[in-house]
Structures are given as structure tokens and as C-alpha cells.
Amino acid sequence: SKPGIIYGNILHVIAGLALAVRFSWSWTAAVAVIIGSGLVMASACVLNNLYDRDIDMRMKRTAHRPSAVRSVSVIGALVYAFALVVIGLAILVLWTNWLTVWLGIVAYISYAVIYTYSKHHTVHSTLIGTLPGALPAVAGYTELSGQLDYTAVLIGVLVAIWQLPHFYAIAVFRSSEYKAAGIRLLSHVLTKKEMVRLISLLVAGYTVLALTFVASGMIGW
């Protein structure tokens, strides 16, 4: 279920909650959105691993995954994924608001289905993957604010832009592994110099956007 990804995204949920405390605060709502979204993310990651098991076994970074080494059956993985998403969504439905629930559903489908499929068919899969990657932070914010406002959009765009230099750098570093696994990325189309230039522009854009949070009064220096 990719615990590292779940942990990182839960930190984004907490950040979203922190930016929305001016609206309200509820420990029940905060814990519910953290646990519920974490379980939904885990389910999406299980399905992603299941679909990618053939390419994962050909990459050093992912060859140890249970789905890749076949230590978990396909049926077992599907049952596990189903249980995780049902429990996760139930928690979101019972103790969060419907806006947050729908954001969770959109994130689930966009990661488990659209992003997972795109990895095998386009070099822009990383860009597509920024949507589900950005929504946990937005969900944390909407859980307390109850609205999809300017700040929510800004949070989503910030996290989306952050993901690109992060993943593009990994793509450059692991380029040969991805190529051997049959996954084409932008790093296979552009030269290393072009990739470094693109990453630098994204980091600059991220920095400017981060400063917008200060300029708008959402956070202090």
C-alpha cells in the first residue's frame, strides 16, 4: 500500500487542516479526514501496485513489493483494496462533509484508474498524477472550511507544482530503470539539460507561488 506515499500525503492533509483552523476546529473531523483519506489512499496504491506488478519486478526501486514478488495473490490484493476503500469512505461519509468525500472519490479514481493507466501510454503521466497528489491537502482544508475557495485552489496548485520537480528528478535519476521496464517518461524525450532547465523553472514557479501565501496573509514569514 506504499506507506511512504500515505505518510507524505497525510502530512499534506494536516497542512490543509492547519490552514483552515480560522474557520473552525474539531478533533473528530481532523482525525476522521486523516484516517479516512489515508485508507482511501492505501486502497488506490494497492490497485496501482497490482496493475504495475510486471513492471515493478523489473525495477530495482520497486522489485521488493509484495505484488511484484507475488507474495500476495491478485484476489487477496483486490479484497484488501476493497476493504480499505470501503472503510475509508465510510469514515469520510460519517464524520466529514460531502465536499471532502467527493474530493476523496475524485482522488481515488484519478490515481487508481487514470494515472495508473497513463503510466503505460503517455510520457505525461507524471503531470496527470499531480491531481490525486494535490487533493489530500485540499481535502484537509475543505474538511474545516467546508468550501472550495481561492485558498483551496492555491493549496492544490502549490502541491501539484511541488510534485513535478520531485518526480522529474527521480525520472532523470532512474531513467534507465524506467526504460528497461517499458515506461516512457518525459526524461526519455527531453535531454538531461532540458530536464534540468524544466525542473529549475518549476522550482522558481513553486517559490513564487509559496510567497503568495505570505502576500495574501494566509501565513507569516
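Take the alpha carbon gyration tensor of region 47-86, find the square roots of its eigenvalues, order them as a ≥ b ≥ c, and report rounded if a/c is under 1.5; if not, report prolate when a/b exceeds b/c, else oblate.
prolate
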Can you give the accessible area of residue 127 in Å² (nearest 10), computed on protein heavy atoms with a 1.4 Å probe? 90
What list of ³J(HN,Hα) values in whole Hz, one per residue of region 157-168 in order, does the Karplus curve 6.51 cos²θ - 1.76 cosθ + 1.60 (θ = phi - 60°) give from phi, with Gly and Pro shown as x? 5, 4, 5, 4, 5, 4, 5, 5, x, 4, 6, 5
What is the magnitude of the charge dipole of region 169-210 about its Cα centre, with +1 placed on the Cβ of each Lys and Arg, -1 on the Cβ of each Asp and Glu, and no other charges, expressed in debye to the nearest 20? 120
With each label point set 7 Å from Cα along the Cα-Cβ vector, what nm distance links residue 121 and residue 74? 1.9
Accessible surface of region 113-221, 1.4 Å probe, proportion on carbon and sulfur as whole %: 68
Note, ³J(HN,Hα) from phi for region 94-105, Karplus 6.51, -1.76, 1.60, rounded to Hz, x at Gly and Pro: 6, 10, 10, 9, 5, 4, 5, 4, 5, 4, x, 5
Which value, in Å² rounded to 10, gives the accessible area of residue 82 with a 1.4 Å probe and all protein chains present? 140
Accessible surface ranking that places the most exposed of 56, 149 first, with a 1.4 angstrom probe: 149, 56
Simple spin-label estimate for residue 198 and residue 86 in nanometres, 7 Å along Cα-Cβ: 4.2
Tell me which lysines have Cα within less than 19 Å of residue 192's Cα, excluding those fewer than 8 residues away on the same chain? 179
Computed [θ] at 222 nm, helices only, for the chain once each DSSP H run of length n ≥ 4 contributes -39500 (n - 2.57): -23500 deg cm²/dmol
Could you pull out every one of the aspartates and glutamates with an alpha carbon less than 20 Å from that of residue 119, ignoring same-chain neighbours closer than 8 positions? 52, 54, 56, 177
State whether the chain is rounded, prolate or oblate according to the following rule on the C-alpha gyration tensor (a ≥ b ≥ c being the square roots of its eigenvalues): a/c under 1.5 gives rounded; otherwise a/b larger than b/c gives prolate, and the remaining case gives oblate. oblate
Note down the net charge around residue 185, summing +1 for each Lys or Arg and -1 for each Asp or Glu among other residues with Cβ under 11 Å from its Cβ. +3
Which value, in Å² rounded to 10, gives the accessible area of residue 197 with a 1.4 Å probe and all protein chains present? 140
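How would 150, 206, 168, 80 line up by accessible area, probe 1.4 Å, largest first?
In descending accessible area the options line up as 150, 80, 206, 168.
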Net length gained if the chain between residue 212 and residue 93 were fully extended (0.36 nm per residue, minus Cα distance): 39.6 nm
With every protein chain kept in place and ligands, DNA and RNA left out, what is the accessible area per residue of the chain? Probe 1.4 Å, answer in Å². 51
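The values are calculated or read from the model by the stated rules, or taken from the named source; none is laboratory data. Note that the coordinates shown come from a computational prediction; the quantities given were computed from them, not determined experimentally. Here Cβ is always computed from backbone atoms with ideal geometry, including for glycine, and neighbour counts include all displayed protein chains. To get the accessible areas, we keep the full protein, side chains included, count just its heavy atoms, and leave off ligands, DNA and RNA. Shrake-Rupley method; radii C 1.70, N 1.55, O 1.52, S 1.80 Å.
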